[in-house]
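Take a look at the structure set out below.
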Amino acid sequence: KGIDKKDPAGEADEVGANGQRKKRVVILLSANRSQTIGVLLSHLKVPHEEFKRAIMTLDTRTLQPNFVIQLMRLLPTDQEVAALQSYTGPKEELGTAERFLFELLCIPRLKSRLQCFVFILEFNARLHDLSENVEVVSYALHDIKRCTKLSQVMELVLAM
């Protein structure tokens with residue numbers, strides 16, 4: 001397969017080995033952006049609809065924190081949102097990255113949801129880290145309270 005032509009509207013026809021035109025693909029994103037999103041999607045291994053459902057329901061079994069963080073970096077820009085929203089053709093003709101972003105645009109408050117999702121996914125690890133710090137501070141306070149020499153030094157300092 002190869003791209004036969006690309007017109008200014010971002011539409012391309014794929015040409016098969018026998019020279020026949022197979023499928024029209026509408027490309028709304030830059031090549032780099034499409035490739036970056038394509039790489040991310042290759043790691044997903046989940047259909048777009050199931051992915052969308054996982055975000056809507058905050059399903060922590062389906063999505064991993066690092067994937068959600070990467071996805072937050074790849075959210076559509078205002079320009080891309082405008083281009084995708086102005087597209088009136090069939091969804092099936094969109095390129096893979098465009099179709100994925102188009103699906104994401106259907107999710108209400110997407111950025112806020114993803115931020116909450118990352119918080120939920122990372123909560124236990126953060127809680128564990130903070131618990132260790134609180135324990136260290138607690139032991140330090142206990143040792144300070146029991147230290148009689150420190151108490152005497154502080155009395156002298158305050159008396160001056």
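The values are calculated or read from the model by the stated rules, or taken from the named source; none is laboratory data. The structure displayed is predicted, hence computed values, not measured ones. So basically every Cβ, Gly included, is an ideal-geometry build from the backbone, and we count neighbours across all protein chains shown. These area figures cover heavy atoms from the full protein model, side chains too; ligands, DNA and RNA do not enter into them. Shrake-Rupley method; radii C 1.70, N 1.55, O 1.52, S 1.80 Å.
Data table
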| quantity | calculated |
| --- | --- |
| Point-charge dipole on Cβ atoms (K/R +1, D/E -1) for the chain, about Cα centre, debye to 20 | 200 |
| Helix 148-159 axis, angle to the chain major axis (alpha carbon atoms, nearest 10°) | 80 |
| Probe 1.4 Å, accessible area per residue of the chain, Å² | 70 |
| Shape call, the chain: gyration tensor on alpha carbons, a/c limit 1.5 | prolate |
| Among Ala140, Ala83, Ala31: highest mean-square fluctuation, GNM of the chain, C-alpha pairs under 10 Å | Ala140 |
| Sparse-neighbour loop sites [trypsin sites (Lys or Arg not before Pro); region 42-106; at most 10 other C-beta within 10 Å; DSSP] | Lys45, Arg61 |
| Principal-axis tilt of helix 96-105 within the chain, Cα atoms, nearest 10 degrees | 60 |
| For region 20-65, the fraction of alpha-carbon pairs in successive 10 Å shells from zero, as % | 22, 36, 32, 9, 1 |
| Rounded to 10°, Cα long-axis angle of helix 31-42 versus longest principal axis of the chain | 70 |
| Relative contact order, percent, the chain [alpha-carbon distance under 8 Å, six or more residues apart] | 21 |
| Listed residue (Ile27, Pro90, Phe51) projecting farthest to the positive dipole end of the chain, Cβ model | Pro90 |
| Net +/- balance of residues flanking Pro65 in space, Cβ distance below 12 Å, scoring K and R +1, D and E -1 | 0 |
| Whole-Å semi-axes of region 47-94's equivalent ellipsoid (Cα gyration tensor) | 24, 15, 8 |
| For region 106-123, 3J(HN,Hα) per residue [Karplus equation, 6.51 cos²θ - 1.76 cosθ + 1.60, θ = phi - 60°, Hz, x = Gly/Pro] | 7, 8, x, 6, 4, 4, 5, 4, 5, 5, 5, 4, 4, 4, 4, 5, 9, 4 |
| Accessible carbon and sulfur surface of the chain relative to its total accessible area, %, 1.4 Å | 57 |
